[in-house]
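Structure first, commentary second.
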Amino acid sequence: MGPTLEDLRVPAPSAAVDRRVVLVSGLAIALGGVAFLAAELLTTLISVITNLAFFGRLSAAPASPADHQLGLLVLVVPIVGALIVGVMARYGSQAIRGHGIPEAMEQVLFNESRIPPRMTLLKPLSAAIAIGTGGPFGAEGPIIATGGALGSLVGQLLRITADERKTLLAAGAAAGMSATFGSPVAAVLLAIELLLFEYRPRSVIPVALAATTATAARLAAGHTAPAFEMPAVAPSSGAALAFYIVLGAVLGLAAMGATRAIYAIEEAFERLPLHWMWWPAIGAVAIGVVGYFAPRTLGVGYSNIDDILSGRLALAALVSLALMKFISWSIALGSGTSGGTLAPLFTVGGALGAILGLAASALLPELGVDARVAGLVGMAAIFAGASRALLASVVFAFETTRQPMGLLPLLGGCSAAFLISSLLMRHSIMTEKIARRGARVPGEYAADHLAQITAGEAASRPAVTLAADDTVEAARAFLLSQAAGSRHQGFPVVDARGELIGVVTQRDVLSEQAGTISIRHLVRRPPAVVFEDSSLREAADHMVTEGVGRLPVVSRQAPRKVLGILTRSDLLDAHRSRIDAGKRREQALAAARRRGGPAIPDRATVGQS
């Protein structure tokens with residue numbers, strides 16, 4: 001008798017969701033609630049430190065450093081805060097330095113999403129000190145990093161896989177962002193674009209539930225207003241929409257400039273003959289000096305975004321805010337202190353957009369440009385260009401303002417910024433540091449080509465088999481005969497009824513000393529097979545799991561009848577159609593250019609080439 005289906009080693013069944021997804025989703029929901037509490041605690045801590053540092057009072061009431069009366073003493077406050085952060089980084093964890101999101105990305109990509117547990121405390125505390133003492137950062141980056149650290153911590157305490165731990169990390173990060181801004185959809189998209197590096201139900205569902213839970217907790221706590229104040233705006237005309245797209249392209253250039261400036265400043269600090277612990281204090285000198293002349297640049301500065309989107313700032317104030325905020329933020333972040341990128345980029349981009357919008361309104365009033373919408377587009381476009389998180393940028397700007405008429409300008413402007421940034425800059429502000437360490441960060445999420453082809457389509461048919469009852473000597477004579485199929489490296493072994501009992505390799509046959517024994521005795525283990533309707537991705541994974549280079553292809557109805565054989569070479573050949581399609585397109589483009597025709601051929605042209 002040949003082997004039964006239970007004896008065969010078949011690919012593990014795959015499903016979009018299973019019971020593990022339910023378990024991870026339950027953990028993510030709980031994580032969403034904890035992340036909300038962490039976000040509330042961090043914002044409260046920032047307020048407490050701001051009140052102490054700038055007003056000398058013990059209070060948790062929201063306060064802006066811009067209202068201080070310290071005079072020249074304002075130069076000292078950021079330096080003291082930076083010194084504390086430097087000590088925490090050196091003797092606590094160096095990982096607290098930086099934006100927050102790139103560090104989380106690095107743990108996902110290269111450390112199985114294992115963030116050190118102490119980061120759960122040190123990152124928010126260091127960020128609260130840096131921001132509360134005037135650092136020109138937003139709280140969202142540290143909150144996202146803290147939520148991610150919480151998710152990673154839960155994943156390390158429980159017995160779960162690295163993929164599930166990554167999902168919890170992303171869920172915590174998304175929950176942190178949702179708790180801060182009430183933007184659950186944007187938070188999920190940001191997690192997909194910057195942390196998950198995939199779009200699968202088993203990861204997206206828990207992340208979405210965590211973001212939903214955090215937003216629900218935010219609403220229950222009474223935070224029902226939009227994160228940013230913006231009056232209702234009218235639909236944009238075609239001419240205005242064209243302007244917003246051009247504006248997005250300009251902000252794409254600004255995003256590229258901001259990214260390069262940040263890393264140029266980082267390189268300058270690295271050349272200093274001082275330990276990196278002291279760099280934040282040097283950067284804090286810029287915070288204090290700029291803050292003395294432009295108090296609006298101190299602290300989180302969400303009110304600046306409100307003023308930009310509401311049209312309350314004149315042209316001179318916008319120019320001053322954009323320039324001074326960028327100088328203060330770029331030097332401080334480049335020094336390696338603890339802070340985020342979102343709010344500063346939103347402030348600078350929003351101010352630049354509003355400046356160009358006011359200019360367009362004055363010079364070309366017939367376009368119908370609204371400076372407030374231009375500020376909204378600028379805010380989102382600079383982040384889209386800098387981070388390459390296109391969809392997250394569009395949806396975030398919508399969710400935080402709740403202005404549906406801004407969606408179309410946002411989509412056009414952010415797409416233009418994304419295009420310009422991608423053309424001119426290889427890496428984003430989130431991935432540049434990781435790439436400089438020699439690591440490759442995924443930037444595109446395409447469908448797996450192997451998952452779209454079945455094993456039955458790619459297999460060699462018919463399979464060349466060996467009879468189980470033939471002697472090794474007879475099989476060896478066949479292999480040395482140069483007959484058709486004799487040069488294969490592996491052969492399914494079938495019994496007298498043609499039913500599969502195992503697989504032997506050419507080496508097995510040629511190295512066996514006893515030529516009189518049957519081929520059946522060379523079969524060492526049950527055969528690893530693949531079903532003809534399984535995908536090549538499943539087949540490739542099965543080959544790796546079983547440690548084999550070939551798989552007999554069988555049907556589910558008759559799993560002991562060999563239909564063909566699939567080898568590693570067949571897997572490589574499966575990519576030929578994809579490569580050939582690209583070559584045909586390139587040939588069609590070249591032919592069109594020679595004819596002086598359109599640069600992009602239609603489908604018929606591609607098919608004929």
Which whole-Hz ³J(HN,Hα) couplings does region 29-40 yield from phi under the Karplus relation 6.51 cos²θ - 1.76 cosθ + 1.60, θ = phi - 60°, glycine and proline marked x?
-> 4, 4, 5, x, x, 5, 4, 4, 4, 5, 5, 5
Between Ser338 and residues 5 or more places away or on another chain, which pairs have amide H atoms under 5 Å apart, with H built 1.01 Å from N, and which residues are they?
-> Gly98
Spatial separation of Cα centroids for region 250-267 and region 306-378, in angstrom | 16
Report, in whole Å, the centroid distance computed from the Cα atoms of region 538-572 and region 64-143.
-> 52
Calculate the length of the line joining the C-alpha centroid of region 270-293 to that of region 471-488, in whole Å.
-> 76
Just reorder Lys583, Lys123, Lys166, Lys433 by solvent-accessible area, largest first, 1.4 Å probe, all chains present.
-> Lys583, Lys433, Lys166, Lys123
Lysines whose Cα lies under 29 Å from that of Lys123, excluding same-chain neighbours fewer than 8 positions away = Lys166, Lys325, Lys433
Per residue solvent-accessible surface (Å²) - region 414-502, probe of 1.4 Å = 54
Determine ³J(HN,Hα), in whole Hz, for all residues of region 322-328 in sequence, where each value follows from phi through the Karplus function 6.51 cos²θ - 1.76 cosθ + 1.60 and θ = phi - 60°; x replaces Gly and Pro.
-> 4, 5, 5, 5, 5, 4, 4
Ignoring everything but the protein chains, give the 1.4 Å probe accessible area of Asp469 in square angstrom, nearest 10.
-> 100
Of the accessible area of the chain, computed with a 1.4 Å probe and all protein chains kept, carbon and sulfur make up a percent value of 62
Net charge contributed by nearby residues that have their C-beta within less than 13 Å of Ser64 (K/R +1, D/E -1) | -2
Packing-based ranking, highest mean first, of 382-388, 493-499 given that Cβ atoms within 10 Å are counted = 382-388, 493-499
Note down the accessible area of Leu424, probe 1.4 Å, to the nearest 10 Å².
-> 80
If every Lys and Arg gets +1 and every Asp and Glu gets -1 at its Cβ, then about the Cα centre the chain yields a dipole, in debye to the nearest 20, of 660
Express in Å², to the nearest 10, the accessible area of Glu229 obtained by rolling a 1.4 Å probe over the protein heavy atoms while all chains stay in place.
-> 100
Residues of region 207-337: accessible area per residue with a 1.4 Å probe, Å² | 40
May I ask you to rank Arg271, Arg9, Arg218 by accessible area, largest first, using a 1.4 Å probe over the protein chains only?
-> Arg271, Arg9, Arg218
If you plug each phi of region 330-341 into the Karplus form 6.51 cos²θ - 1.76 cosθ + 1.60 with θ = phi - 60°, what whole-Hz ³J(HN,Hα) values come out, in order, with x for Gly and Pro?
-> 5, 5, 5, 5, x, 6, x, 7, 9, x, x, 10
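Counting each DSSP H run of 4 or more residues in the chain as -39500 (n - 2.57), what helix-only mean residue ellipticity at 222 nm follows after dividing by all residues, to the nearest 500 deg cm²/dmol?
-18500 deg cm²/dmol
The values are calculated or read from the model by the stated rules, or taken from the named source; none is laboratory data. Model, not experiment: these values are computed from the prediction. Note that we place each Cβ from the backbone using ideal geometry, even for glycine, and neighbour counts take in every protein chain shown. For accessibility, only protein heavy atoms count, side chains too; no ligands or nucleic acids. Shrake-Rupley method; radii C 1.70, N 1.55, O 1.52, S 1.80 Å.
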